[in-house]
1. Evaluate the charge dipole of region 87-187 about its Cα centre and quote only its size in Debye, nearest 20, assuming +1 on the Cβ of each Lys and Arg and -1 on the Cβ of each Asp and Glu.
2. Can you give me the P(r) profile for the chain? Cα pairs, bins 10 angstrom wide beginning at 0, each as a whole percent.
3. Nearest 20 debye, what's the magnitude of the dipole of region 37-125 about its Cα centre given +1 on Lys and Arg Cβ and -1 on Asp and Glu Cβ?
4. Let me check I have the definition right: for region 126-208, take the eigenvalues of the Cα gyration tensor, multiply each by 5, take square roots. What are those semi-axes in whole Å, largest first?
5. For LYS103, give me every one of the aspartates and glutamates with a C-alpha distance below 17 angstrom, ignoring sequence neighbours fewer than eight places off in its own chain.
6. Output the peptides 138-147, 177-186 sorted from most to least packed, where packing is the average of other Cβ atoms within 10 Å over each peptide's residues.
7. Give me Rg/Rg_expected for region 1-53, where Rg uses Cα atoms only and Rg_expected = 2.2 N^0.38 Å with N residues.
8. Need one number: the % of Cα-Cα pairs in region 1-119 sitting beyond the 24 Å mark.
Amino acid sequence: PEDTPIGVSFAKHFGLEDAILDVKILPDRGSDALAYQGLAREIAALEGNEAHFLKTSLQPIRAHTSNTAPQVVIDDREGCLRYVGMAFENITVGESPLWLKIKLLLSGLRPINTIVDITNYLMLLTGQPTHAFDRDTITGTVTIRKAKNNETLTLLTGETKTLSVEDVVIADDTQALALAGVMGGTRSLVTEKTKNIFLEIATFDGATVRR
């Protein structure tokens, strides 16, 4: 930006001057130590303290009964333990603020847009993955099911994967939209043109996702 002061350290001014802990996480600690808050709790406990965010109790906000989220059906109860979703309408998708971009870059993720970036940020912070779908690309019911043998799915990386019955997918009435717990698909991708989103918060079987 043109109002950036001259002569100051670029890294310091833009918040890039930071220490990064590169931690090896074992599989049995995937539920807590893969998140910043999880590691903060661990470090606080080692030092005989309590993480500050544990002292604040949050009250749940109930969704209005008229929410336009599609109906959700969990067909594969072993692969998906819980799946909830909520629709948000008339949103504006844009570029994320610099602080959020830097947080993601320092964590090894690439900034995309406001919606995708905040879901990734909350995943890194709390350890709870979330995923946003373009609501207008979803046809009918959202079903969490086993993939059909040789069913194909084009992921957000652009790669088209051939799936097997061991894979768990999130699908609508026409096709698979995402590979559960791994990555979304291009069909329901959130872009700058997206006006309505369906936000997924789910608990998938960890061993299935890892495998």
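The values are calculated or read from the model by the stated rules, or taken from the named source; none is laboratory data. Everything numeric in this text was worked out from a predicted model, so none of it was measured. Reconstructed Cβ throughout: ideal geometry from the backbone, glycine too, with neighbour counts over all protein chains shown. Just so you know, the surface numbers come from the protein's heavy atoms only, side chains and all, with ligands and any DNA or RNA stripped out. Shrake-Rupley method; radii C 1.70, N 1.55, O 1.52, S 1.80 Å.
1. Values: 9 positive and 11 negative charges, 52 e Å.
Dipole magnitude for region 87-187 comes out near 260 debye.
2. Percent of pairs per bin, in order: 7, 27, 33, 22, 8, 1, 0.
3. Details: 8 positive and 9 negative charges, 34 e Å.
Around 160 debye, computed over region 37-125.
4. Each semi-axis is √(5λ); the values are 19, 16, 12 Å.
5. Qualifying aspartates and glutamates at Cα under 17 Å: GLU17, ASP18, ASP22, GLU95, ASP117.
6. Details: 138-147: 18.3, 177-186: 20.7.
Packing order, densest peptide first, comes out as 177-186, 138-147.
7. In units of the globular-protein estimate, region 1-53 measures up at 1.70.
8. Details: 4001 of 7021 pairs.
Cα-Cα pairs in region 1-119 separated by more than 24 Å: 57 percent.
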